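The values are calculated or read from the model by the stated rules, or taken from the named source; none is laboratory data. These numbers come from a predicted model, not from an experiment. All Cβ positions, even for glycine, are placed from backbone atoms using ideal geometry, and neighbour counts span all protein chains on display.
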Amino acid sequence: MPRRLLIPLLVLALASPALAGRRKAGPTSPERIDQASVQLMGRALTSDRAWEDLVFLCDRIGNRLSGTPSLERAIAWAKERLEEAGVAVALEPVSVPKWVRGAERATLLAPVERDLPILGLGMTVGTPPGGAEAEVLVVGSWEELEAKAEQARGRIVLYDVPFTTYKETVAYRSRGASEASKLGAVAALVRSVTPQSLSTPHTGALRYADDVPPIPAAALTVEDAATLHRLSDRGVVPRLRLELGAQHHGEVGSFNVVAQITGREAPQEVVVMGCHIDSWDVGQGAQDDGAGCVMVMEAIRLIAELPWAPRRTLRVVLFTNEENGLAGGHAYHAAHGTEDHVAALEADTGAGQPLGWRMDLRGEGEGVDAARALARARMAPIQEKLTALGATGLRESYAGADIGPLVAGGVPGLGLDFDTTGYWPIHHTDADTIDKIDPAMLRKNVAVMAITAFTLAEMEGRLRPGGAP
Ligand SMILES: [Zn+2]
């Protein structure tokens, strides 16, 4: 290379904060955190990198269920994007299930004949050749199932349960098949878990109990579940044929993407920012959880562009296999659980208006209340920095699935809290596509993530002094 080209390149490399900044060190101070926060806010709100990454992920890679080539493409792509920003990245092997949906069809045979849009539940077994054909027993609760236990044998049980909260309602999706199987049912159907519907079925994982035979299970639309319920209430027993081509193919290899900026003073103390890189095999996995992934990727890139590394290590983890196994979350915990995690952040409920954080700090005995109070007090300066974004909230609640194993061990968990009005109606459906994401909201979420993670990694104290109990 000619010298006259080489010299400007060298100058450019040295001027690049991501490359040069690590050499400068110095004590932290509230002023330093304020200055950095202003810079992070400004850059987050004017950068389109997160949005362009999401466009690429959705339109060029698409949905990415465990065991698919598209998931592994997404993992390789994310690694490359982070490395381009000068962040150190490792791929950590994780064994994940390979479940394949196959062809699916549900046909209402009586009192009228028509096809019903369905999605088999994730991890369901397939139906026997020719499908499962039976009368439908409709119930609205576990109690009603128990009361009608004798009618379940040889039938398809439909749970038509109205949405209350996700946590409460999702129990019918995860356990409904096994509860119905105990009573001799041949298949199970659930009303899609959503507060609103435009005739879209919602998938999601089920979990079979060990002690009962697995029976096939699928989600109906809210509208169709209500139709069958109305018929049943009027003494008309619907008859239905369910055909599910689902197959289990054991375990295959995947990876967690682990990227970090090593801390300048306390590298052994770690702040994690997490999301999941896998998705269901429908839609584009745009809000669940493509959005969360591009948020944390952009947040660490913005922090890498500051003139110095934060005091503590800042680590991004793109977890694999959240949707149908949580193998990534468990593998990360198995590999890193003994490290000193100062906090674990997660973004996994879309990209709506950010509201603040859901904090999950666990433990036993009297000390927990004091620990929570102290953590709240230490979050206060961060909340103040998020005022302009409308994200000053801090409520005590579940923080996220992938960081769950860390949080269960006492690491303070923080789940990015959103307005989820637009989230549930497209959750786990073909409609989870990028056109539902507002680029301006995505930028705000990046700002919340970057400022919070940076401050937790830079500030003098920690949310839980002394670490997890
Ligand atoms: Zn998710």
> Under 6 Å by Cβ, and 6 or more places apart or on different chains, what pairs join a residue from region 276-288 that is under 9 Å from residue 320 (Cα atoms) with one that is near the ligand (Cβ under 8 Å from one of its atoms) and part of a helix (DSSP H, G or I)?
Replying inline: 276/289
> residue 377 versus (1) surrounded by 17 or more Cβ atoms within 10 Å (Cβ to Cβ); (2) not in a strand (DSSP E or B): which is the lone unmet condition?
Replying inline: (1)
>> Condition first: buried (at least 18 other Cβ atoms within 10 Å of the Cβ), under 30 Å from the mean Cα position of the chain (by Cα) and part of a loop (DSSP other than H, G, I, E, B). Now tell me which residues in region 146-164 satisfy that.
In response: 160, 161
> Which of (1) outside any loop (DSSP other than H, G, I, E, B); (2) closer than 17 Å to residue 288 by Cα does residue 431 not meet, given it meets every other one?
Replying inline: (1)
>> Cβ contacts < 8 Å: first residue buried (at least 17 other Cβ atoms within 10 Å of the Cβ), restricted to region 40-54; second residue among the aromatic types (Phe, Trp, Tyr), any location; separation 6+ or different chain. Result?
In response: 40/454
>> I'd like the full set of residues that are within 33 Å of the chain's Cα centre (by Cα) and free of Cβ contacts under 8 Å to residues at least 40 places away in the same chain, limited to region 114-145.
In response: 115, 128, 139, 141, 142, 143, 144, 145
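Yes/no per residue for (1) part of a loop (DSSP other than H, G, I, E, B); (2) hydrophobic (A, V, I, L, M, F, W, C); (3) touching a residue at least 60 places away in the same chain (Cβ under 8 Å); (4) on the phi > 0 side of the Ramachandran plot:
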| site | (1), (2), (3), (4) |
| --- | --- |
| 65 | yes, yes, yes, no |
| 78 | no, yes, yes, no |
| 89 | no, yes, yes, no |
| 92 | no, no, yes, no |
| 99 | no, yes, yes, no |
> Can you tell me which residues in region 169-203 are surrounded by fewer than 22 Cβ atoms within 10 Å (Cβ to Cβ) and under 20 Å from the mean Cα position of the chain (by Cα)?
Replying inline: 169, 170, 171, 174, 195
>> Condition first: outside any loop (DSSP other than H, G, I, E, B) and either away from the ligand (no atom under 14 Å from the Cβ) or modelled with pLDDT under 95 (or both). Now tell me which residues in region 400-417 satisfy that.
In response: 405, 406, 407, 408, 413, 414, 417
> If only one of 194, 227 is away from the ligand (no atom under 16 Å from the Cβ), more than 19 Å from residue 153 (Cα to Cα) and not in a strand (DSSP E or B), which one is it?
Replying inline: 227
